[in-house]
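Engineer: First, the structure itself, so that you have it in front of you.
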Amino acid sequence: MRTQQDATLRNGKKVTPTQFKKAIAELEMSQGDAAKLFNVDIRTTNSYATGQRPIPRAVELYLTTVLKARKTDPDFASEVLNKAINGDIVTGK
């Protein structure tokens, strides 16, 4: 089953703030976790969730990829997500 986020990205449209919040919730993350994951301040993730700031394409793709992976291998997806949040995966900095 495809999520609304999958369909949105497939159609080339931007993920909405509501979809961003739903994706974070579906992944059982707080906005603080999302801030750590995307290496931004929590005010930035809050601004994504309220629509005050556009959601970067990289954030959209990451969330969609993890949501898809979670459907096929939930344990692996959770492990990767937790490692990324905890800084155990190199993020390019």
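The values are calculated or read from the model by the stated rules, or taken from the named source; none is laboratory data. Fair warning: this is a prediction, and the values are worked out from it, not measured in the lab. So basically every Cβ, Gly included, is an ideal-geometry build from the backbone, and we count neighbours across all protein chains shown. Protein only, heavy atoms only, side chains kept; ligands, DNA and RNA dropped before computing areas. Shrake-Rupley method; radii C 1.70, N 1.55, O 1.52, S 1.80 Å.
Engineer: If you take all C-alpha pairs in region 11-77, what percent of them are over 18 Å apart? Kindly include the intermediate steps, with their values, before the conclusion.
Structural biologist: Details: 682 of 2211 pairs.
Counting pairs separated by more than 18 Å, the tail of P(r) holds 31 percent.
Engineer: Given a 1.4 Å probe and the protein chains all in place, what does the accessible area of Val40 round to, in Å² to the nearest 10?
Structural biologist: Approximately 50 Å² of Val40 is accessible to the 1.4 Å probe.
Engineer: Right, here's the next one. Let's test the formula: R0 of 30 Å, r as the Cβ-Cβ distance of Ser47 and Asn86. What FRET efficiency results, to the nearest 0.05?
Structural biologist: The calculated FRET efficiency here is 0.80.
Engineer: Something else now. Order these peptides, 16-26, 76-86, by their mean beta-carbon neighbour count within 10 angstrom, highest first. Provide the component values of the computation, followed by the final result.
Structural biologist: Values: 16-26: 16.8, 76-86: 15.1.
Result, highest mean first: 16-26, 76-86.
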